[in-house]
Amino acid sequence: MMQFSKMHGLGNDFMVVDAVTQNVFFSPELIRRLADRHLGVGFDQLLVVEPPYDPDLDFHYRIFNADGSEVSQCGNGARCFARFVRLKGLTNKRDIRVSTANGRMVLSVTEDDLVRVNMGEPNFEPSQVPFRANKAEKTYIMRAAEQTVLCGVVSMGNPHCVIQVDDVDTAAVETLGPVMESHERFPERANIGFMQVVGRSHIRLRVYERGAGKPSLRQRRLRRGGGGDPAGAAGGNGTRGITRRSS
């Protein structure tokens, strides 16, 4: 019998599995069954804690979407990952070094058990998102769902598209979100964020999750220099002029 935990970060919910002390194997079909919110466990992403492949690291961090696809990064998941490995006694370190599908990162647990994750610098180069464009722009004009969409595009280890709206509660997340997620200009699909600027350091963000097939609501207070998770970074400084932030 497989043991697991359910966790969430800013409403982004996860099934977290220890693959260090138990043998597990996840096929895409099994992941889709487990992700079903009526007949399975139900989650946005499956997080798997694996032994490290490098003696300088503590763990390998794997992320699977609800549709069974594996992705390279999830900032909310990384924070849950750090809490999980400490709560389960897999490590007592406060600086936890992990590898992911696209690199390495350090998860830092503070004295009051908060988790700080350095997601690195946002990447606006279209080929690195990836996003089909001739050159990098602050904003892009796209056609989707029979309308013109102005958006910002950024990678924080996974592709993000951010659309500024007046009110996230009335934004067309359920209709425009899936169309934009699978737009031909995103060859690997993308997380689609609908961003409402509340104040100079406060945004509300509803995200249509790539591979999860559902929107989630996140509210961020932006610290100096931008947000801490991928969506916060995309909203805070990733959109390069769409949103305002503290100077």
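Values as computed for the structure displayed
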read-out: Single condition Gly103 does not satisfy, out of (1) modelled with pLDDT of 95 or more; (2) at positive phi; value: (1)
read-out: Some residue of the stretch 41-59 being among the small types (Gly, Ala, Ser), part of a loop (DSSP other than H, G, I, E, B) and within 21 Å of Tyr208 (Cβ to Cβ); value: yes
read-out: Flag for Glu111 being surrounded by fewer than 15 Cβ atoms within 10 Å (Cβ to Cβ) and closer than 30 Å to Phe59 by Cα; value: yes
read-out: Enumeration of residues in the stretch 137-164 that are out of contact with any Lys or Arg (no Cβ under 9 Å at 6 or more places or on another chain) and of a type in the set (A, V, I, L, M); value: Ile141, Ala144, Ala145, Leu150, Met156, Val162, Ile163
read-out: Residue in the stretch 125-138 that is over 17 Å from the mean Cα position of the chain (by Cα), of a type in the set (Ser, Thr, Tyr) and part of a loop (DSSP other than H, G, I, E, B) present; value: no
read-out: Of residues in the stretch 1-52 being surrounded by fewer than 16 Cβ atoms within 10 Å (Cβ to Cβ) and polar (S, T, N, Q), the one nearest to Leu90 (Cα to Cα); value: Thr21
read-out: Output for the stretch 8-42, where each listed residue is on the phi > 0 side of the Ramachandran plot and at pLDDT below 95; value: Leu10, Gly11
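Table: residues versus (1) under 27 Å from Asn123 (Cβ atoms); (2) touching a residue at least 24 places away in the same chain (Cβ under 8 Å); (3) not in a loop (DSSP other than H, G, I, E, B).
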{"position": "Val17", "(1), (2), (3)": "no, yes, yes"}
{"position": "Leu34", "(1), (2), (3)": "no, no, yes"}
{"position": "Arg62", "(1), (2), (3)": "yes, yes, yes"}
{"position": "Gly89", "(1), (2), (3)": "no, no, no"}
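The values are calculated or read from the model by the stated rules, or taken from the named source; none is laboratory data. Note that this is a predicted model, so its numbers are computed, not measured. All Cβ positions, even for glycine, are placed from backbone atoms using ideal geometry, and neighbour counts span all protein chains on display.
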